[in-house]
1. Go through (1) in contact with a helix residue (DSSP H, G or I) (Cβ under 7 Å, 6 or more places away or on another chain); (2) modelled with pLDDT under 80; (3) not in a helix (DSSP H, G or I) for ALA40 and report which single condition fails.
2. Determine, yes or no, whether HIS14 is farther than 29 Å from THR53 by Cα and either assigned to a helix (DSSP H, G or I) or modelled with pLDDT under 75 (or both).
3. Please identify the pairs in which a residue from segment 36-62 that is free of Cβ contacts under 8 Å to residues at least 24 places away in the same chain has its Cβ atom under 6 Å from the Cβ atom of a residue that is surrounded by 14 or more Cβ atoms within 10 Å (Cβ to Cβ), counting only partners at least 6 apart or on another chain.
4. I need the full set of residues from segment 34-50 which are at negative phi and more than 15 Å from the chain's Cα centre (by Cα), in order please.
5. Specify the residue that is surrounded by the fewest Cβ atoms within 10 Å (Cβ to Cβ); the eligible residues are those in segment 17-37 that are under 25 Å from ILE71 (Cβ atoms) and modelled with pLDDT of 85 or more.
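The values are calculated or read from the model by the stated rules, or taken from the named source; none is laboratory data. Just so it is clear, the model here is predicted, and its values are computed rather than measured. Cβ sites come from the backbone with ideal geometry, for glycine too, and all protein chains shown count toward neighbours.
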Amino acid sequence: MSDRPDLVRHYGGHGFVGRLDDVLTKAGLGGKRLSPNDLAPLDQFHARGLAATAELAEAVDILSHEQVIDIGSGLGGPFS
């Protein structure tokens, strides 16, 4: 990432954490232990939101012993 100073500036250091704190505070979520449901309105920026994600997860029939990697998962949602 060092060859992309714009990315370092955006995600690195206190600036990013401070901006994230500001967004969470404005959403009424500041200073509390957050759950996936708390973050869903801020993290589901695609058509039909969390409902579409849940339907896709059911459609692929993931078994309890399997693991899945979510590339591009936003804030890390949607489920814990």
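1. For ALA40, the failing item is (3).
2. So HIS14 passes the test.
3. ASP38/LEU29
4. Scanning segment 34-50 gives a single hit, ALA47.
5. So the residue we want is SER35.
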